[in-house]
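The values are calculated or read from the model by the stated rules, or taken from the named source; none is laboratory data. Nothing here was measured: the structure is a model prediction, and the numbers come from that model. Quick reminder, even Gly has a Cβ in these numbers, built from the backbone with ideal geometry, and neighbours come from all protein chains shown. For the accessible areas, the whole protein counts, side chains as well, though only heavy atoms, and no ligand, DNA or RNA atoms are used. Shrake-Rupley method; radii C 1.70, N 1.55, O 1.52, S 1.80 Å.
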Amino acid sequence: MTTGFFWDERCFWHGGGNYAFTLPLGGLVQPLAAGGLPESPETKRRLKNLMDVTGLTRELSVHSAPQATREDLLRVHPESYLDAFKRMSDTGGGELGLRTPFAQGGYEHAALSAGLAKAAVQQVWTGALTNAYALSRPPGHHCLPDFPNGFCLMANIAIAIEAAKADHGLGRVAVLDWDVHHGNGTEAIYYARDDVLTISIHQDGNYPIDTGAVTDRGTGPGTGYNMNIPLPAGAGDATYADVMEQIVRPALERFRPDMIIVACGFDASAVDPLARMSLTANGFAMLTRQIKETADALCDGKLVLVHEGGYSEVYVPFCGHATIATLAGSTITAPDPLEKNLTARQPNGRFAEFLKREVADLARALE
Ligand code: ZN
């Protein structure tokens, strides 16, 4: 079995500023590590660094990939958006939506991020790899066809799915989004389609504040093929395990996908600055084990994880390492320095009982 790992240093160079010191950005000028939006390169770079230090990287099949082509992008995004994005990206950068600034060359960074997801999906679908992780940046799951938002500039996963469908006859796909925020972009793109099942597990009412309701099930032929699982703030490892067991796995068994793609954010971790959930690194390993077992049972193990959010620069690397090691079936571990602390703070007593009832209610609503 071979697990692919797709990354590119240039994805870490995406940023909202226009200069590195006095040098205009673009080409070979790497931006400085100045602060700004919480969507920073450091969360991802430190994950890759940790994997290098433990030796996990050496157990993986490591690749970069070409940028997604204009044709790939046009299957999901209108020409008007791509033209406006490219023009602004070529002339110093700017902002076309909500909280999605980009610098000179941002268009190319986003197309490369989508290209990593595209290559991961194609290589797993065609059997060159067993499964894969794409360390895409900028993220994609909030991006609507013509409106970038929530740090997302192109819909990486949808671009990857549509490319594999067009080029390699990919069939039914299930997208499981465990980023703590609602996968509103993926939902919108597939809302009226029955060949792509979209499932989002998120903190209720976080971002976007007005989407992600359990009653939003799709429309027309897509009715029933969109599932939202909004969880109360504070939910931790046990609740997520219950959700996977009681809601996600049965839904995937009903749908019978040819491939499963995970929108893999690490912002449901207990220390994330942009959410209020309680997952631990072990919790992410457990989620990965559960979805891997389901993929083994349903679709020959065809599983791709695409990086989304996660904003704790110190903890995302440990959550990501646990996830990728589990995906690869590796025995290499990066012991979680917060394990004792966070395990002691998992929901218990009446709150744990309340969460169990919530999951049972959601399972009934989504049957
Ligand atoms: Zn997120």
Worksheet item: Being in contact with a Phe, Trp or Tyr (Cβ under 9 Å, 6 or more places away or on another chain) and part of a helix (DSSP H, G or I), is that true of even one residue in segment 298-308?
Response: yes
Discussion item. Cβ contacts < 8 Å: first residue closer than 16 Å to residue 295 by Cα and touching a residue at least 12 places away in the same chain (Cβ under 8 Å), restricted to segment 104-130; second residue open to solvent by 10 Å² or more (accessible area, probe 1.4 Å) and part of a helix (DSSP H, G or I), any location; separation 6+ or different chain. Result?
Written reply: 125/168; 126/168; 129/123
Fill in: Residues (open to solvent by 30 Å² or more (accessible area, probe 1.4 Å) and farther than 30 Å from residue 217 by Cα) located in segment 338-367
338, 339, 340, 341, 343, 344, 345, 346, 348, 349, 350
Worksheet entry | residue 298 vs. criteria open to solvent by less than 10 Å² (accessible area, probe 1.4 Å) and either touching a Ser or Thr at 6+ places or on another chain (Cβ under 8 Å) or modelled with pLDDT of 95 or more (or both) | no
Response to the item:
Per the filter on segment 307-321, residues open to solvent by 70 Å² or more (accessible area, probe 1.4 Å) and within 16 Å of the ligand (Cβ to nearest atom) are 313
Worksheet item: Does any residue of segment 322-337 turn out to be within 16 Å of the ligand (Cβ to nearest atom), open to solvent by 10 Å² or more (accessible area, probe 1.4 Å) and within 24 Å of residue 184 (Cα to Cα)?
Response: no
Practice prompt. Might you let me know whether segment 234-255 holds any residue that is free of Cβ contacts under 8 Å to residues at least 40 places away in the same chain, away from the ligand (no atom under 16 Å from the Cβ) and either in contact with a strand residue (DSSP E or B) (Cβ under 7 Å, 6 or more places away or on another chain) or outside any helix (DSSP H, G or I) (or both)?
Written response: no
Practice prompt. Can you give me the ranges of the helices (runs of 4 or more DSSP H) entirely in segment 27-124 with at least 3 residues that are open to solvent by 60 Å² or more (accessible area, probe 1.4 Å) and under 30 Å from residue 301 (Cβ atoms)?
Written response: 41-54
Worksheet item: Across segment 155-184, what is the total count of residues that are within 20 Å of residue 69 (Cα to Cα) and within 16 Å of the ligand (Cβ to nearest atom)?
Response: 3
